[in-house]
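Quick notes on the structure that follows.
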Amino acid sequence: MAERQAAQDDVLMREIDDAVRQDEYARLAKTYGRPLLVLLVVGLIAFAGYLFWDSQREGKMEEQSEALVGALDQLDAGNLDSAAQQAAALAANSEGGAWASARLIEAGVAMEQGKNADAVKIFAEVAGNEDAPAALRDLARIREVAANYDNMKPDDVIAKLKPMAVPGNAYFGSAGELVAMAYLEKGDRKQAGTLFGEIAKSDDVPETLQSRARQMAGLLGIDAVEDVDELLEQQGAGTGIPAGQGSE
């Protein structure tokens with residue numbers, strides 16, 4: 001049972017982390033400034049996975065998991081109002097992981113409906129709730145900052161996310177990008193470049209994020225390529241051209 005729980009927890013963390021990373025900074029190399037904050041409802045299936053894992057310890061969580069899956073089904077069908085209503089009902093009668101997951105669904109719906117201020121408020125509420133699982137609190141903090149980035153001072157972004165913007169943290173890539181951009185807005189190119197370089201060299205972040213970070217690090221004068229041959233092989237695989245060959 002312990003091994004099963006550990007495996008499910010590991011899958012959850014990977015799903016949440018990958019989901020958070022997908023939708024940030026489509027225009028990093030072009031803008032050098034504010035990130036593109038297109039925040040859709042992502043990673044919600046991972047919340048259901050978390051509740052399933054948690055239900056192994058407490059029978060009551062089975063009902064809450066079913067309620068959460070019902071809200072997710074409505075969300076998947078595009079019934080935002082219904083999804084929000086079911087999530088709100090679950091949040092009102094639960095705590096811990098179930099409550100945090102339900103509130104994050106509400107925040108996601110609010111983002112989809114253009115209610116950014118409401119979403120930021122909910123994200124902050126989850127991030128500050130000590131009864132919620134640490135993984136969901138951290139996710140909520142990143143979402144809070146990302147959704148409110150344009151209204152925040154760079155120093156405030158750094159203060160909120162710097163503890164997570166370190167190699168080895170489950171959210172290093174996502175938090176690191178936001179912190180690096182905040183450093184860049186402050187005019188601290190050295191700190192920004194160093195952090196982008198660390199993200200680019202991390203084996204624990206997706207290749208797409210590594211590529212973005214590598215580009216930014218290079219533009220800031222930081223060499224983030226550890227193995228040139230490996231990079232060329234990866235690029236060759238992506239283009240169908242064997243490494244070392246090109247047009248003549």
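When the surface is traced with a 1.4 Å probe over the full set of protein chains, Y149 keeps roughly 10 Å² accessible.
At the residue level, D223 shows approximately 110 square angstrom of accessible surface with a 1.4 angstrom probe and all protein chains present.
Measuring nothing but alpha carbons in region 105-210 and taking Rh as the Kirkwood radius, the Rg to Rh ratio lands at 0.99. Extension gain for D131 to K115 (0.36 nm times residue separation, less C-alpha to C-alpha distance): 3.2 nm.
Once the chain from Q215 to D150 is taken as fully extended at 0.36 nm per residue, the excess over their C-alpha distance is 21.1 nm. Note on L75: accessible area approximately 30 square angstrom, rounded to 10, probe 1.4 Å, nucleic acids and ligands left out.
Sorting D131, D73 by accessible area puts them as D131, D73; the probe is 1.4 Å, largest comes first, and only protein heavy atoms count.
Apolar share of the accessible surface for region 67-126: 45 percent from carbon plus sulfur atoms, 1.4 Å probe. Cut-off 17 Å, label point 7 angstrom out along Cα-to-Cβ of K186: give me the residues of region 192-221 whose amide nitrogen falls inside. Residues 192-198 fall inside that zone. Give the shape of region 86-166 as rounded, prolate or oblate, defined through the alpha-carbon gyration tensor: a ≥ b ≥ c are the square roots of its eigenvalues, a/c under 1.5 means rounded, and otherwise the shape is prolate if a/b is larger than b/c and oblate if not. It is oblate, given that a/c is not under 1.5 and a/b is not larger than b/c.
The values are calculated or read from the model by the stated rules, or taken from the named source; none is laboratory data. What you see is a predicted model; the values in this text were computed from it and never measured. Reconstructed Cβ throughout: ideal geometry from the backbone, glycine too, with neighbour counts over all protein chains shown. Just so you know, the surface numbers come from the protein's heavy atoms only, side chains and all, with ligands and any DNA or RNA stripped out. Shrake-Rupley method; radii C 1.70, N 1.55, O 1.52, S 1.80 Å.
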